[in-house]
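Report on the structure given below.
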Amino acid sequence: HCLAVRAVCQREVDCDRGHGYSWKITLLRNYWKSKVKQEWLSGKYSNIPSQFSLPEKSMYPMDVNTWGEILEAEFER
């Protein structure tokens with residue numbers, strides 16, 4: 001699970017590990033973020049008609065760099 005989360009959230013996982021968090025805590029801190037981020041990066045929400053069409057679990061607190069990655073993926077589509 002840790003490697004799967006790191007594949008999507010490498011910067012976040014490396015930062016947490018660099019701050020001394022255990023793998024267990026790092027996984028707990030980043031698991032849902034990686035799921036939501038992967039859905040955004042894969043284009044699942046590319047053609048929604050409005051914000052009201054987003055499922056409840058489509059949002060998660062993410063930093064500006066993560067949103068930048070998502071926007072870059074959208075521009076490339």
**Asked** Where does the chain land at 222 nm, in deg cm²/dmol rounded to the nearest 500, when only DSSP H runs of n ≥ 4 count, each adding -39500 (n - 2.57), divided by all residues?
**Response** -19500 deg cm²/dmol
**Asked** Relative to the first principal axis of the alpha-carbon coordinates of the chain, what is the inclination of helix 64-76, with its axis defined by its Cα atoms, in degrees from 0 to 90 and to the nearest 10?
**Response** 40
**Request:** Please calculate how many Å² of accessible area the chain carries per residue, with a 1.4 Å probe and no DNA, RNA or ligand atoms counted.
**Result:** 71
**Request:** Quote to one decimal, in nm, the extra length available between residue 60 and residue 74 on full extension: 0.36 nm per residue of separation minus the C-alpha distance between them.
**Result:** 3.3 nm
**Request:** On a 0 to 90° scale, report how tilted helix 23-41 is relative to the longest principal axis of the chain, with both axes built from alpha carbons and the result rounded to the nearest 10.
**Result:** 20
**Message:** With N set to the number of residues, divide the alpha-carbon radius of gyration of the chain by 2.2 N^0.38 Å and report two decimals.
**Reply:** 1.15
**Asked** Along the positive direction of the dipole of the chain (beta-carbon charges: Lys, Arg +1; Asp, Glu -1; about the Cα centre), which of 7, 25, 45 reaches farthest?
**Response** 25
**Complete:** Output ordering of 71-77, 2-8 (per-residue mean of other Cβ within 10 Å, highest first) is 2-8, 71-77
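The values are calculated or read from the model by the stated rules, or taken from the named source; none is laboratory data. Everything numeric here is computed off the predicted structure, so don't read it as measured data. We place every Cβ from the backbone using ideal geometry, glycine too, and count neighbours over all the protein chains shown. Note: areas computed on protein heavy atoms with side chains; ligands, DNA, RNA excluded. Shrake-Rupley method; radii C 1.70, N 1.55, O 1.52, S 1.80 Å.
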